[in-house]
């Protein structure tokens, strides 16, 4: 198998940048960012890219999805037991789930776009993210997620560029372009599916819930427990996005002053403790990811409205 060498990785970086996608270095044969502040430092400047890869010729290439204006569908192959609800439908891959979702929506399977085969049998489908959209990254069916083995990579997330290398069972395997087509606009039905509902309008008379509200306290505790569980149970390939999504969700609560950034960081760090040191996932990356997620989430404070008191039941004599 022909595997890209040092020149191939520099070429891969320049090719991605030439398509208008800001790039930055990843650790060799890894999906882990090799530089701090990668979202801000990602670039399309060929001179800067050459300097990076001349110094670090074996580094993989990351694309910052937010600055690139991309929403990438990350469709994974099944490795292990397939959930019964999908097995009954003959589903063995995330692309099968996406095809089913498209069929249910009465729309064609969105296949006509730039597509990359991943080293472990998955694929990345690249789409242009609508300007001004509030789309975020998702993992599987969680939250606003689309379904089993269908992840999305948008603002705050990265995607590994074609030409990068992963090691599968001791063999170097490249991310390879399978459909070198123009980037398609994200279909409207997917935009709708991935767009969070707008927060309810604040009532003109009813005051905003106070932090001392029992309901708010219970809500925060439940949200914290759920997000910590999501981080603790994340698989190796989903750790970064799971931590980011959890921090962003809890950051929405921080936006209302219902929890502190220190508390979010403490609990998510504790939940992720068993991931540290596994496949180059270290504390510095964990801390950066939590910080970035909190910053994104606090821009969209969560809004809760008190539920009306139940009507008293009439007695039957």
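Filtered by the rule that a residue be under 19 Å from the mean Cα position of the chain (by Cα) and either more than 30 Å from residue 72 (Cβ to Cβ) or modelled with pLDDT under 80 (or both), the range 182-219 gives 196, 197. Residue count for the range 115-133 under the criterion of being over 12 Å from residue 71 (Cβ atoms) and either at pLDDT 90 or above or outside the structural domain of residue 74 (by TED's automatic domain parsing) (or both): the result is 9.
For the range 37-58, a residue qualifies if it is in contact with a helix residue (DSSP H, G or I) (Cβ under 8 Å, 6 or more places away or on another chain), surrounded by 14 or more Cβ atoms within 10 Å (Cβ to Cβ) and over 21 Å from residue 238 (Cα atoms), and the qualifying residues are 42, 43, 44, 49, 52, 53, 57. For the structure I just gave you, tell me whether residue 274 is in a helix (DSSP H, G or I), out of contact with any helix residue (DSSP H, G or I) (no Cβ under 6 Å at 6 or more places or on another chain), modelled with pLDDT of 85 or more and surrounded by fewer than 16 Cβ atoms within 10 Å (Cβ to Cβ). Criteria not met by residue 274. Considering only strands (runs of 3 or more DSSP E) fully contained in the range 134-181, which possess at least 2 residues that are modelled with pLDDT of 95 or more and under 19 Å from the mean Cα position of the chain (by Cα)? The qualifying strands (runs of 3 or more DSSP E) are 158-160.
Quick test for you: out of 91, 61, pick the one residue that is surrounded by 14 or more Cβ atoms within 10 Å (Cβ to Cβ), in contact with a strand residue (DSSP E or B) (Cβ under 8 Å, 6 or more places away or on another chain) and assigned by TED's automatic domain parsing to the domain that holds residue 20. The conditions single out 61.
Here is the figure for the range 16-36: residues that are touching a strand residue (DSSP E or B) at 6+ places or on another chain (Cβ under 9 Å), in a helix (DSSP H, G or I) and surrounded by fewer than 17 Cβ atoms within 10 Å (Cβ to Cβ) total 0.
The values are calculated or read from the model by the stated rules, or taken from the named source; none is laboratory data. In this text the structure is predicted, and so the values were computed from the model without any measurement. Every residue, glycine as well, gets a Cβ built from its backbone with ideal geometry; the counts of neighbours run over all protein chains shown.
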